[in-house]
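Values in this text are rule-based calculations from the coordinates and carry no lab data. This structure is a prediction, so every number in the text was calculated from the model and none was measured. No Cβ is skipped: glycine too gets one built from the backbone with ideal geometry, and neighbour counts run over all protein chains shown.
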Amino acid sequence: MKIILVVGARPNFMKIAPIVAAIEAWNADNPTTDSIAYHLVHTGQHYDEKMYRSFFRDLEIPHPHVDLEVGSGSHTHQTAQVMLRFEAVCAEQQPDWVLVVGDVNSTMAATLVAVKMGIRVCHVEAGLRSGDRTMPEEINRLVTDAIADLLFTTSRDADENLRREGVPPGNIRFVGNVMIDTLRRQLARLENLSPVTLLPADRPYGVVTLHRPSNVDDRRVFSGILGALAEVSRHLPLVFPIHPRTRKMAGQFGFDGPLVDLDPTAAPPVAGIHLTDPLGYHDFLNLWRHAKLVLTDSGGLQEETTALGIPCLTLRENTERPVTIWEGTNTLVGVDPEAIVREALCALEGRGKAGRVPELWDGKAAGRIVAALAEFPL
Ligand code: UD1
């Protein structure tokens with residue numbers, strides 16, 4: 001069997017790493033008859049050292065066979081460029097399957113190309129729905145799931161969403177969460193590595209990430225969030241590895257005032273919002289795993305904090321990952337500054353949510369995916 005694995009942007013890399021490892025493990029166990037040949041395609045949606053290369057290194061992902069180098073641009077431009085360039089790869093490789101992960105523009109673009117060429121597509125992390133069609137990722141999820149052939153889900157509510165949208169139950173497989181496969185593996189490796197320690201682990205601090213257009217491209221919303229973070233940071237120093245989009249918008253709006261660059265050589269900061277450039281997987285994991293509190297608009301971090309039992313406040317009005325609220329440590333606070341401060345102080349007083357790890361987030365999801373693919377009749 002031949003399969004093309006597609007990645008495009010930062011949150012894809014931690015999802016593909018365990019799948020590559022599981023394919024290699026499968027091939028070691030099935031050296032002759034049933035081996036799986038994979039061809040790794042990076043679309044180049046994220047392209048620089050901090051958003052791409054350091055992740056491949058940290059997560060031991062092999063060098064991609066192809067880099068489509070699409071780069072940044074409008075959604076239409078990015079999607080169209082992936083489609084044009086990916087079509088040529090599919091024509092040349094003639095795979096049995098294309099495997100896509102997550103919900104970025106590259107996910108949807110590669111799916112459209114493959115389906116139209118008559119190539120089977122499987123989607124890892126299918127069925128998540130925020131119900132918010134102003135989110136570009138929600139459109140990517142809806143389109144991908146509507147046309148892909150085999151849908152691998154991380155939680156039971158995702159199965160339910162897919163069934164409600166008319167996906168035949170036989171095309172849905174609840175396999176667990178590949179991102180947690182990566183988290184477990186890298187946590188174990190961290191003991192033997194020397195990741196950057198930005199703040200001493202015995203000193204309380206919080207971690208912030210923020211990059212959604214709805215939060216940082218709107219002056220009023222962004223200003224409200226920063227005001228709330230400044231208030232929280234009077235009680236708990238905040239470290240903020242800042243996404244390029246967010247840095248650009250903060251500069252444009254003139255919001256740099258409360259944001260100071262973190263100085264790792266200085267005495268531990270007492271208050272304030274301390275910026276760093278985006279961090280690689282290991283350095284970031286080493287930072288957030290010791291945090292008292294995480295405030296984020298990321299998708300993946302809602303799940304990762306639930307897996308490690310760290311209180312997480314999600315600065316959005318909705319989430320496509322409700323299991324992290326029903327079962328985990330996540331609280332949806334929205335973007336109202338007062339609510340953000342209230343919930344943050346509540347968590348700091350030790351009244352944050354306790355949670356449990358959701359079903360099948362056990363570090364073995366990628367193995368289940370590869371086994372399901374190997375069994376699927378071609
Ligand atoms: C993309 C994904 C989003 C994901 C996020 C994680 C879509 C629709 N969005 O959003 O779901 O949560 O990645 O990071 O696919 N830039 C760099 N270096 C890079 C890449 C981008 O500096 O390697 C800068 C560029 O100025 C670019 C901006 O960041 O314009 C935004 O990048 P883009 O890929 O358009 O979207 P993200 O906001 O990163």
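Summary table below
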quantity: Mean residue ellipticity (222 nm) of the chain, computed from DSSP H runs ≥ 4 via -39,500 (n - 2.57), nearest 500; calculated: -12500 deg cm²/dmol
quantity: Sequence-separation-based contact order of segment 1-152, relative, with Cα cut under 8 Å and 6+ spacing, percent; calculated: 24
quantity: For segment 171-231 and segment 263-314, distance of Cα centres in Å; calculated: 5
quantity: Cα shape, segment 1-69, gyration tensor, a/c 1.5 rule; calculated: prolate
quantity: Relative exposure of SER155, SER54, judged by other C-beta atoms within 10 Å (fewest first); calculated: SER54, SER155
quantity: Euclidean distance of C-alpha centroids, segment 59-104 and segment 334-348, integer Å; calculated: 39
quantity: Relative contact order (percent, whole number), the chain, Cα cutoff 8 Å, 6+ residue spacing; calculated: 16
quantity: Loop sites in segment 190-241: trypsin sites (Lys or Arg not before Pro), DSSP, at most 12 other Cβ within 10 Å; calculated: ARG234
quantity: Evaluated over segment 206-348, the Cα radius of gyration and Dmax, each in Å; calculated: 13.9, 40
quantity: Dipole of segment 206-348 [Lys/Arg +1, Asp/Glu -1 at C-beta], most positive-end residue of PRO237, GLY257, GLY309; calculated: GLY257
quantity: Solution diffusion estimate, µm²/s, Stokes-Einstein, the chain, Kirkwood Rh from C-alpha pairs, 37 °C, viscosity 0.692 mPa s; calculated: 155
quantity: Length released on extending from LEU84 to ASP261, taking residue separation times 0.36 nm less the Cα-Cα span; calculated: 59.7 nm
quantity: Shape call, segment 129-188: gyration tensor on alpha carbons, a/c limit 1.5; calculated: oblate
quantity: Net charge contributed by nearby residues that have their C-beta within less than 14 Å of ILE340 (K/R +1, D/E -1); calculated: -3
quantity: At R0 = 25 Å, FRET efficiency that the Cβ-Cβ distance of ASP277 and ARG351 yields, to 0.05; calculated: 0.15
